[in-house]
Every structure is written in structure tokens, then in C-alpha cells.
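Written out below as C-alpha cells is the structure these notes cover.
What follows draws every value from the coordinates through simple rules; no lab data is involved. Note that this is a predicted model, so its numbers are computed, not measured. Every residue, glycine among them, receives a Cβ derived from its backbone with ideal geometry; neighbour counts consider all protein chains shown.
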Amino acid sequence: MTFVEPLLNWYAHHARELPWRLHQSPYRTWVSEIMLQQTQVDTVIPYFQAWMKLFPDIQFLAEAERQHVLSAWEGLGYYTRARNLHKAAKIVLTDYLGQLPETAAELQRLPGIGPYTAGAIASIAFGENVPAVDGNIRRVLSRLFDVREPARSTTGQKQLWALAKTHLPAGQTGEYNQALMDLGAMICTPKNPDCPNCPVSNHCLAYQRGVQAERPVKLPKKQTPHLTVTAAVIRKDGQVLIAQRPDSGLLGGMWEFPGGTLEDRDPDLEYCLAREIREELNVDINIHKPFGEYHHAYTHFKITLHAFLCSLPDEDRPEPMDHQEIAWVKMDELVDYPMGKVDRQIANRLMEVNQDGILSG
């Protein structure tokens, strides 16, 4: 007997109760899998529930305004996922008569759907006999078969996908993939796996050899760069200037307070900010005083952002040189514009102090 039978028996009694597994549909499975990319389940659940109220099916999503979609995603991070969901929904509505494709191969033609997500949707929603290897499954299989290649290396990934495919139980692939996911989340955790209570410990080579803490093998960790960033809170007649980032790249389509990264040629933060605003808005600014220091970690780098309260000379008219568009908005309207976490922190503080009557101008 392989590990598959005890795994499925365990899953039948211990599967996690997750909202996308209730009233399961291809659309709900798709949305949940996109949201779960590089994001913890507990973080995703409230976003998923709110999303389904706003966009209950593919047609609602396809016909929604992009800004509405990005606002619903705000705080979940990796905003390319939201833009791709929206774009893919439009494609499904027009090219597939509103029905998601049923095979992994066809699903991968849609924006934002790679091999894992395609395998998960195809197996869970449509019963196709295809594997799906995410972080949890990668860890479980690395321990079960004592895989000594780094799990994220090209060789390691090929080996793990081959192992996942070799043990697919025909007709139960959706349950198999979800069982591996749940086992990785509940028992075969990254640290201190609960091996004595694992339903497949008798089949686990890493456990038998006492090397479960060393699996999966990891690639050498790269040092995380740290950037110093500036942002201008430019006010005029009770309004503040915000700018929409280009669709491509980090935080694509989101709104921000304009500014940029401190460079070696910049003698100080204020010089950096003035230079960035000239480059981005083609205007000079008056920098008045600091408006907080903000910290955030992205996937591949960290930032410390210094915000400053600013104004423009009366005759200057900003224009979007690097942004899609710019907008003067009232303080209480900032909630209507989707932003990344740091810019939202600035916006919230700006609204708070404005309500308290501290700001003027």
C-alpha cells in the first residue's frame, strides 16, 4: 500500500472547513487559488468572503470597473493577481461563453494561471487527473521521498512534479491534491512537524531517517535589499495630489503619493524628493515638514519611506510624466482610490489629522 490511501482516509475526517469548499464552483475555486498564491489562508478568508459578495460570478467580475476590483483587493498584496483575474474574467466571458476551461492546459492560457493553479482548478473543480504542487505539497513530498535536491531548483521541481504525478489516484485527484495541501498546513508544517500524528509517517523516508527538519532542502538565501524612499503629500485648497502607477510593475494600477527612491547622487531626503517630483510631475515643490516614517517589506526588498508635507508654486501645473494619470482629491475621498499598504497608511494619517484640524492649506 502507498501513502495515498491513508492520506485520503485522513483527509476524509480532517479536511479544513474553508469557505471556497462550501458551495464549491469552478469560479470560487479559481478565485481562492489566485488569492492563496503567496498568501496565508487566514488572511485570504475575509477577502474571499467580501469578494464573493461584490463579484459573485464571472460576469459580475468581468463587467466591474478595474478600480473597483483593485479596491476589493487592497491589502492582499501582489496586485498583479487582481488585474489578471479581472482580465481573465473578461476573456472567459467573451471567448468561453462565461465558463472556465476544464483542462489544465487550457486554463494556463488565461492571465495569471500557471502550472500549479491550473492543476488545482482542473483537479478540484473538474476532476481532471493532473497534479498540483504548491508550497505545502512541495514540503510534504520532499519529506515523504527524502528529496535531496533543493525543492525550488529546476531539478528539484521536476522531481517533485514527477512524484506528484506518479501517485495520482485516478478519479480522486482533487481530494488527493487538497489532502496534500491540508497535510502540509496542519501536520507537515515548516517547523516542528507533528510526525507522530501524521497519517503517512510509516511511508515517510525523511521521518524514518530523522532528517525531516532538513527537508525540503533550501537554496542559499539572498540578502534582502533595503531602499530609502520619499513621498510628497502635496496639498492645495483642501485637496491632495495622488498619482496612478503604470499597469506594469510593482503595485500596477494603484494610486500613490508621488516620490521615489534615494540615490547615491542625492545629498539628502529633501533633495531626492524635489528631484523625483521634477522627473515625475515636471514641477518644483515647496517642502514644508516631515509627515512620518513608514516601513514595509515586499517580496524581494524592504523600504523605509519618508513622507513630507508639500505645496506647489501657484503658477505650476503638474503633469503625469511617469504615471497613468494624476488627480486632486479631497481628503475624505482618498478611501475611494486603491492604494498599497504604505500609501494607505499615509492617506489614513492624512485624513485623521485633517479631521482634527491640524492641517491647513
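Projection of the Cα convex hull of the range 4-214, averaged over all directions and equal to a quarter of that hull's surface, yields 11.5 nm². Across the range 215-224, computed HN-Hα scalar couplings (Karplus, 6.51 cos²θ - 1.76 cosθ + 1.60, θ = phi - 60°) run 10, x, 5, 10, 6, x, 7, 7, 5, 7 Hz from first to last residue, x flagging Gly and Pro. Put a plus charge on the Cβ of each Lys and Arg, a minus charge on the Cβ of each Asp and Glu, and nothing anywhere else: the dipole of the range 228-355 about its Cα centre is then about 420 debye.
Note on 300, 14, 203: ascending count of other Cβ atoms within 10 Å places them as 300, 14, 203, the fewest first. With the simple spin-label model, which puts each label point 7 Å out from Cα in the Cβ direction, the residue 202 to residue 265 separation comes to 7.0 nm.
The phi torsions of the range 183-199, fed into the Karplus equation with coefficients 6.51, -1.76 and 1.60 and a -60° offset, translate into couplings of 4, x, 7, 9, 10, 8, 6, x, 10, 6, x, 8, 4, x, 9, 7, x Hz, rounded to whole numbers, with Gly and Pro shown as x. A Gaussian network model of the chain, with springs between Cα atoms under 10 Å, assigns the largest mean-square fluctuation among 193, 56, 267 to 267.
In this Cβ point-charge picture (+1 for Lys and Arg, -1 for Asp and Glu), the range 4-214 has a dipole of about 480 debye about its Cα centre.
For the chain, the convex hull spanned by the alpha carbon atoms encloses 163 Å³ per residue.
Only helical runs count toward this figure. For the chain, summing -39,500 (n - 2.57) over DSSP H runs of n ≥ 4 and dividing by all residues gives -12500 deg cm²/dmol at 222 nm. In summary, the aspartates and glutamates within cross-link reach of residue 218, defined as a Cα separation below 18 angstrom excluding same-chain residues under 8 places away, comprise 134, 146, 149. The order of 73, 10, going from fewest to most other C-beta atoms within 10 Å of their C-beta, is 10, 73. Could you sort out which of 289/330; 158/191; 90/191; 87/302; 165/341; 53/341 sit more than 32 Å apart by Cα distance in this structure? In this structure, 90/191; 165/341 exceed 32 Å between Cα atoms. Of the GluC sites (Glu not before Pro) found in the range 266-347, the ones in coil according to DSSP and having at most 15 other Cβ atoms within 10 Å of their Cβ are 315.
For residue 189, the residues 5 or more places off, or on other chains, whose built amide H falls under 5 Å of its own are 194. Rounded to two decimals, the Cα radius of gyration of the range 228-355 over 2.2 N^0.38 Å is 0.97. Quick check on the range 38-130: take the gyration tensor over C-alpha atoms, sort the square-rooted eigenvalues as a ≥ b ≥ c, and tell me if it's rounded (a/c under 1.5), prolate or oblate. Because a/c hits 1.5 or more and a/b fails to exceed b/c, the range 38-130 counts as oblate.
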